């Protein structure tokens, strides 16, 4: 993952580092994160080019064909006229969530060019948009509306503070949205509320912090748990990975029970 | 208000029209609506121009100096580099809400150019951003972050289906955010739950539908109530205006009691 340092104002806090290897540190790739954000909602903001070359930001709805967004916009709106005149666009999607700090939200920018579907893509694009935006059935057949497919050739993902990377168009196209993260909220809360000791044991055994005194789960995805760990040396962040990737949220309980057993045996 | 017709696919529903004058039809102006949307949140999507001229959509936070958004972005992010190279931008803001139909949401596009504040504006812009985005205190002083003021010269407002207009930069600058609409949700619910008969009486007397059989309030602003009215002729939409504009939500109760009394006397 690409990282860059801020210019240090001189008072940046320091965090304790792991004192043992993190057993299974795998996280979702930037391409997987981006596909997960793309699949998480049906609203976005489009950047298009107005007639005078000025960039124009406008709210839109979208569906998905694979990872390519499908828009349905009116030629009576400025963005509709922009797309017809210049196909260069990008789309910003913000994952829904209730972060009190807005910059902690996951978001992506998908850049590329729009094209009008042809052949069998005409029906497929229409169906993809309607599946994501049921209300579009009231206007999609008005003569001023056009369906556009955004052919993605550049992907930027930001997962929150200090978590960001680009993905290639090929990796983005091939990636699969995370089956766990978007639906894991209640399970994460349950882990923290009812299994705090197990989280601490897992973090001590597999998260690189044998001196963990407590651990809280801040997120779950197909590969593991994001952990905030407290030690006598301070608070830090790490991962506890499952023994194998999960296919669905249904597998999370068994995976964490297995981890807890292994941790207590270790 | 500018209106445009969709190309009619032949099966558009028809709505009953008022059979009496709407007594006080005043609605917020497009400039007032846009200022209200701008003041309703602290997150937006920026459209900037990348080095190759491609439009770049990215999630940002903002505060306000008057109606001008104040951004704080890192030069390590593509949008930060874009602003430094070309000041032409626009910003899309979507009013928070829980519409099941995303295109029913109010939103604006503010287009203009960004500039770095100078003189007394340096402290004012910093304070405006921090007031809206408290978490920015953790990074606003990093050397890679820059505060930018978006000098707005073009304003487009969309209030939902069929409600949209442009505002001049001067009207937008002079307008005041609505003191009622963003906080009126519980009051509107109370009107519908406990005062349905009063709403029907007001709508029959002042909303242009003497044949109203029921009426529901869908929104309140400083000038009046948005009403969905049912008549034997079908369902339509109208306004019931207060006798004078409200300064705050605290005035809503007295204003609607006055309207109800007048309606029952009429």
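Partner shielding of A:130-142 amounts to 3, given as the average count of beta-carbon atoms from other chains within 10 Å of each residue beta-carbon. At residue B:196, label 7 Å along Cα→Cβ: distances to the other copies, nm, ascending? List, nearest first: 4.8 nm.
With a/c under 1.5 counting as rounded, go ahead and sort segment B:30-174 into rounded, prolate or oblate using the C-alpha gyration tensor (a ≥ b ≥ c being the square roots of the eigenvalues; past the cut-off, prolate if a/b is larger than b/c, else oblate). Since a/c reaches 1.5 and a/b is larger than b/c, the shape of segment B:30-174 is classed as prolate. Ranked from shortest, the separations from the 7 Å Cα-to-Cβ label point of residue A:53 to its equivalents in the other copies are 0.8 nm. Of the residues B:148, B:157, B:56, the one that moves most in a GNM of chain B with alpha-carbon contacts below 10 Å is B:56. Annotation for residue A:192 and residue A:266: the two label points, set 7 Å from Cα along the Cα-Cβ direction, are 2.3 nm apart. Please express the Cα-Cα pair-distance distribution P(r) of chain A as a list of whole percents, one per 10 Å bin, running from 0 to the bin with the greatest distance. With a bin width of 10 Å, the distribution comes to 7, 26, 29, 20, 13, 6, 1.
Taking only C-alpha pairs under 8 Å that are 6+ residues apart, what is the relative contact order of chain B in percent? Once divided by the residue count of chain B, the mean separation gives 22 percent. A prolate overall shape is assigned to the protein assembly as shown, the ratio a/c of its alpha-carbon gyration tensor axes (a ≥ b ≥ c) being 1.5 or greater and a/b exceeding b/c. Taken residue by residue and averaged, Cβ atoms of other chains lying within 10 Å of the Cβ of A:72-80 number 3.
Looking at chain B as a GNM with Cα springs under 10 Å, which of B:190, B:129, B:79 has the largest mean-square fluctuation? Residue with maximal mean-square fluctuation among B:190, B:129, B:79: B:190. Exposure proxy shown here: for A:37, B:188, A:89, the number of other Cβ atoms within 10 Å sets the order, fewest to most, as B:188, A:37, A:89. Entry note, segment B:30-174: relative contact order of 30 percent, from Cα contacts under 8 Å with a spacing of 6+ residues.
Each of A:189, B:78 was scored by other Cβ atoms within 10 Å of its Cβ. Listed from fewest to most, they are A:189, B:78. From most to least packed by mean Cβ count within 10 Å, the peptides A:212-222, A:20-30 give A:212-222, A:20-30. Residue by residue along A:42-52, Cβ atoms of other protein chains within 10 Å of the local Cβ number 5 on average. Hey, how many Å between the Cα centroid of segment B:161-215 and the Cα centroid of segment A:20-40? Distance between centres, Cα-based: 46 Å. Label-point distances for residue B:234 to the equivalent site in the other copies, using a point 7 angstrom along Cα→C-beta, read 6.8 nm when ranked shortest first. Classify segment B:134-256: rounded, prolate or oblate, from the alpha-carbon gyration tensor (a ≥ b ≥ c, eigenvalue square roots; a/c under 1.5 rounded; otherwise prolate if a/b is larger than b/c)? Since a/c reaches 1.5 and a/b is larger than b/c, the shape of segment B:134-256 is classed as prolate. Each helix, a run of at least 4 DSSP H residues, gives -39500 (n - 2.57); summed and divided by the residues of chain B, these come to -7500 deg cm²/dmol at 222 nm.
Ranked for footprinting exposure by Cβ neighbours inside 10 Å, fewest first, B:75, A:54 give B:75, A:54.
For chain A, modelled as a GNM whose springs connect Cα atoms under 10 angstrom apart, the maximal fluctuation among A:110, A:249, A:150 occurs at A:249.
Quick note: the coordinates plus some simple rules give every number you see, no bench work behind them. Note that this is a predicted model, so its numbers are computed, not measured. Don't worry about glycine lacking a Cβ; one is built from the backbone with ideal geometry, like all the others, and counts go over all protein chains shown.
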